[in-house]
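Asker: Below is one structure. I have some questions about it.
The values are calculated or read from the model by the stated rules, or taken from the named source; none is laboratory data. On a predicted model such as this, the values are computed, not experimentally measured, just so you know. With ideal geometry, Cβ positions are generated from the backbone for all residues, glycine too; neighbour counts draw on all protein chains shown.
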Amino acid sequence: MKTPFHLVILGAENSIGRAVTEQAQAKNISLHAIHSTDWDLTDVTKIQARLSELAPQFLINCMSPGASGTSTHIASVLSQCCASLNIALVQLSSNEVFAHQDGEIFSEQDEPKPKTESGQQVLAMETAIRSSLENHLLVRVGWLFSSQGHDEVSQLLELAQNSEVLRLSDTKFLCPTSACDIASVLLAMVNQCRYAKLWGTYHYCSAEPTTLFKFAEVVVAEARQYEDIKLQDIVADASSLMNSQFAESTPKLATKKLLYTFGIKPKPWRQALSRILKKRYLKK
């Protein structure tokens, strides 16, 4: 017999939060979906009162890490409240905690050494959670795409619709990962953590590393099933200024710990991209 449980999903308005909410509802999981602007996330007393009233077993924070999302102060507030109410916190994090060179792949055992300000903020957020809450899952992800918002897929489509030639890098690698796949991973981790103490930091990214050039080829080919596109050609050109519009090379993440602990395998990004583009065009 399955034991019922209840979730609070914070950041339900963004791509991952929406995907987590939709997938949890499809599984008939009891939940409250909270937009990031619904609560004053800087006030410990107010957050503790809200969480006490809703009484979840897990709080899944889908707000992006960093100054514009989950700041160090917000992370500290959430983790303190969760600790006092015996709630587990699932926090979205980022591969920005690593400073990388092409070819490097980082595991959870590697020491974070961010060189950017945003990476330093992400690391500070993680540290705030670890220092005050044992029952936590920090899930680092990387290059994200989804069926909503203005992301790299949207930018590529806009360029393809308004340009005759795309000049993009074929030398630096990335691991494009869909919001829907991340959502399914978060829910699978939560389900297993109901029965075992598997707390800690984990990495997730899609299978099949690729380049911006090759990713664009697939995006355009998929999009042509739904509309006529002006684009005539995509050229491999690492020196093109067009590359500067994209976070084209990000630290690659090893996912073996997630596989060995939870039995969760990385999913291919191509299948998710096909589903997401279909969803985008059906909305129009």
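Asker: Could you please find all residues in region 185-218 being within 30 Å of E164 (Cα to Cα), of a type outside the set (S, T, Y) and surrounded by fewer than 20 Cβ atoms within 10 Å (Cβ to Cβ)?
Answerer: E208, P209, K214, E217, V218
Asker: Can you tell me which of (1) touching a helix residue (DSSP H, G or I) at 6+ places or on another chain (Cβ under 6 Å); (2) small (G, A, S); (3) over 30 Å from A88 (Cα atoms) is the one S178 doesn't meet?
Answerer: Only one criterion is unmet by S178, namely (3).
Asker: Do you know which residues across region 63-89 are in a loop (DSSP other than H, G, I, E, B) and polar (S, T, N, Q)?
Answerer: S64, S68, S71, N86 - these are the residues of region 63-89 that are in a loop (DSSP other than H, G, I, E, B) and polar (S, T, N, Q).
Asker: Give S107, S84, S76 a once-over and let me know the one that is buried (at least 19 other Cβ atoms within 10 Å of the Cβ) and among the small types (G, A, S).
Answerer: S76
Asker: Filter region 1-40 for residues that are among the aliphatic types (A, V, I, L, M) and free of Cβ contacts under 8 Å to residues at least 12 places away in the same chain; which is nearest to H73 (Cα to Cα)?
Answerer: Per the criteria, the residue is A26.
Asker: Report yes if some residue within region 222-232 is in contact with a Ser or Thr (Cβ under 9 Å, 6 or more places away or on another chain), over 22 Å from N162 (Cα atoms) and in a helix (DSSP H, G or I); otherwise report no.
Answerer: no
Asker: Search region 126-180 for residues being modelled with pLDDT of 95 or more and of a type in the set (D, E), and hand back the single one that is farthest from the chain's Cα centre (by Cα).
Answerer: The qualifying residue farthest from the chain's Cα centre (by Cα) is E134.
Asker: Same structure again: Can you tell me how many residues within region 2-37 are at pLDDT 95 or above, more than 16 Å from S184 (Cβ to Cβ) and out of contact with any helix residue (DSSP H, G or I) (no Cβ under 9 Å at 6 or more places or on another chain)?
Answerer: Result for region 2-37: 0.
Asker: I would also like to ask the following. Tell me, please, whether a residue that is in a loop (DSSP other than H, G, I, E, B) and touching a Gly at 6+ places or on another chain (Cβ under 9 Å) can be found in region 37-60.
Answerer: No: zero hits.
Asker: Then there is this: Just to verify a result, which residue in region 257-269, among those that are part of a helix (DSSP H, G or I) and touching a strand residue (DSSP E or B) at 6+ places or on another chain (Cβ under 9 Å), is surrounded by the fewest Cβ atoms within 10 Å (Cβ to Cβ)?
Answerer: Residue satisfying both the conditions and the ranking: T261.
Asker: Which residue is surrounded by the fewest Cβ atoms within 10 Å (Cβ to Cβ), if the candidates are limited to region 25-73 and must be among the basic types (K, R) and over 21 Å from the mean Cα position of the chain (by Cα)?
Answerer: Filtering region 25-73 for residues that are among the basic types (K, R) and over 21 Å from the mean Cα position of the chain (by Cα), the one surrounded by the fewest Cβ atoms within 10 Å (Cβ to Cβ) comes out as K46.
Asker: Something else now. Pairs only if they're at least six apart or on different chains, beta carbon under 9 angstrom, first in region 259-284 and on the phi > 0 side of the Ramachandran plot, second surrounded by fewer than 16 Cβ atoms within 10 Å (Cβ to Cβ); list them, first residue then second.
Answerer: G263/A188; G263/Q192
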